[in-house]
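K.L.:
Take a look at the following structure, please.
Nothing in this text is a laboratory measurement; each read-out follows from the coordinates by a stated rule. Source: prediction; values computed, not measured. A quick note on method: Cβ atoms are made from the backbone with ideal geometry, for glycine too, and the neighbour counts reach across all protein chains shown.
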Amino acid sequence: MAKSAQDFKNRGPGMQRTWSDALWPADAPLWLVIAGHTSLAIVIGSITVMLLPYSLVSRIKVLKWIRSKVRKFLERILYLSSQGPFYRVFAWFGKRCGCGYCSSRCQPPMTLRIKATGCTEAVFYWNGRLPLNPFHEEKYIVEWKRADTADNALAWKEVAATGKDCGFEDMGEGKKLKWRVFLTDLPESTTIKVRCRAWNRRGLGPWSEEVACELLVKPSKGDGGWGPLNQTQAPNGSGAGAHFHWTQEPHQLGIKVPLPDTVKAKDVKFKVTTTRLEIRYVLKEGEEPQDLLVGKLFKTVIVDDVDWQISEDKECGRHVEILMKKDKKLEKWPCLLEEKGHPRIDTAKVQFFTGKDPSDPYGGMFDNMDIFD
């Protein structure tokens with residue numbers, strides 16, 4: 001039974017408070033006592049869940065969910081605290097006085113991503129694996145090499161991850177900073193591998209995992225390119241290899257697919273939808289059709305305006321010639337099929353309106369300008 005407030009006041013100065021008085025003060029209102037006990041229980045429960053071993057938490061969904069919520073809450077509190085002026089002054093003072101010796105050991109960067117932006121250019125993104133140490137400082141080293149070269153230290157070429165070619169983007173509240181560096185003067189139309197590491201006064205950190213990227217290729221004469229067939233050898237026996245060629249205009253696409261000399265038009269199985277192209281052929285009656293060119297189109301086409309025929313010329317030999325109308329006019333396609341192994345062209349070099357017209361009143365002044373870029 002709880003004691004009254006008068007009994008608590010009648011105590012002498014030498015009498016101490018008991019646990020019952022601390023947990024249930026007689027002079028405190030009921031709602032305040034319940035709120036205080038609930039808050040205390042939440043704090044103790046959160047600390048207990050965070051201290052439990054991961055092997056135990058991973059097997060219980062409820063504990064795993066509670067742990068993730070508590071971690072997000074703590075990260076948010078830490079982020080909001082780091083944006084305050086007192087924290088920033090404190091961190092700046094510690095970094096200036098410590099001269100980098102207060103930093104923690106560097107960890108390998110994470111969330112690596114590379115994107116080709118041209119025939120000889122690419123952009124490399126990464127996130128730093130930063131500790132909770134407010135005095136931590138680190139810089140980065142980026143290296144690249146051709147994917148077809150031997151994996152040795154001499155093959156890697158270092159890129160300065162400082163200056164105007166390097167910067168960072170704030171990814172928003174509670175998220176890490178994403179760093180980026182622009183890679184230029186790369187070997188044209190090749191596949192490269194890139195890696196990154198951090199360093200500071202404590203020494204060099206371990207290398208990150210390697211990420212690969214295939215650079216863009218220059219468009220062909222018809223603002224198109226080439227791509228591999230679904231076969232390992234050219235079906236018409238030519239020395240050009242198992243490749244097809246494609247071109248593009250503002251409103252249509254042209255495709256030339258090599259075809260064996262013994263295959264007739266009736267043996268060709270042609271099927272096209274708005275998003276997919278399938279070309280197969282039969283060598284002998286009763287056999288299963290062989291895939292010649294099958295895959296998903298990069299963009300949509302108009303199915304009713306697709307024409308194909310068997311033609312022959314000196315460049316491609318005997319082939320299937322296809323004309324398809326683009327669903328969206330004036331759209332630049334980087335590749336015909338969105339499949340693995342199909343090179344992408346640099347659409348910045350595709351210019352649809354560059355032909356000289358004798359009747360042009362401007363005298364070709366705008367020949368080198370693509371008005372739709």
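K.L.:
Would you mind ranking PHE73, PHE135 so that the residue whose beta carbon has the fewest other beta carbons within 10 Å leads the list?
P.N.:
By the 10 Å Cβ count, ascending: PHE73, PHE135.
K.L.:
Please give the contour-minus-distance gain from ALA41 to GLU121: 0.36 nm per residue of separation, less the Cα-Cα distance, rounded to one decimal in nm.
P.N.:
23.1 nm
K.L.:
Could you please state, rounded to a whole Å, how far the C-alpha centre of the stretch 265-332 is from the C-alpha centre of the stretch 35-85?
P.N.:
One Cα centre to the other: 58 Å.
K.L.:
Distance check, please: which entries in LYS284/LYS328; LYS284/LYS325; LYS115/LYS332 exceed 28 angstrom between their Cα atoms? Each step should come with its number before you reach the end.
P.N.:
Working: LYS284/LYS328 39 Å; LYS284/LYS325 33 Å; LYS115/LYS332 18 Å.
From the list (LYS284/LYS328; LYS284/LYS325; LYS115/LYS332), the Cα-Cα distance tops 28 Å for LYS284/LYS328; LYS284/LYS325.
K.L.:
Right, something else. Whole-Hz Karplus ³J(HN,Hα) for the stretch 191-205, in order, using 6.51 cos²θ - 1.76 cosθ + 1.60 and θ = phi - 60°, x for Gly and Pro?
P.N.:
Those phi angles translate into 9, 10, 10, 10, 9, 8, 8, 9, 8, 7, 5, 7, x, 7, x Hz.
K.L.:
Return the sequence-ordered ³J(HN,Hα) values of the stretch 102-109 in whole Hz as given by the Karplus equation 6.51 cos²θ - 1.76 cosθ + 1.60 applied to θ = phi - 60°, using x for Gly and Pro.
P.N.:
My calculation for the stretch 102-109 gives 8, 6, 8, 6, 6, 10, x, x Hz in order.
K.L.:
While we're here: What nm value, rounded to one decimal, do you get for the distance between LEU132 and ARG59 when each label is placed 7 Å out toward the C-beta?
P.N.:
Those two pseudo-labels are separated by 2.7 nm.
K.L.:
Going down the list LYS221/LYS349; LYS178/LYS340; LYS264/LYS314; LYS145/LYS221; LYS264/LYS329, which pairs span over 22 Å between their C-alpha atoms?
P.N.:
Table pairs above 22 Å Cα-Cα are LYS178/LYS340; LYS145/LYS221; LYS264/LYS329.
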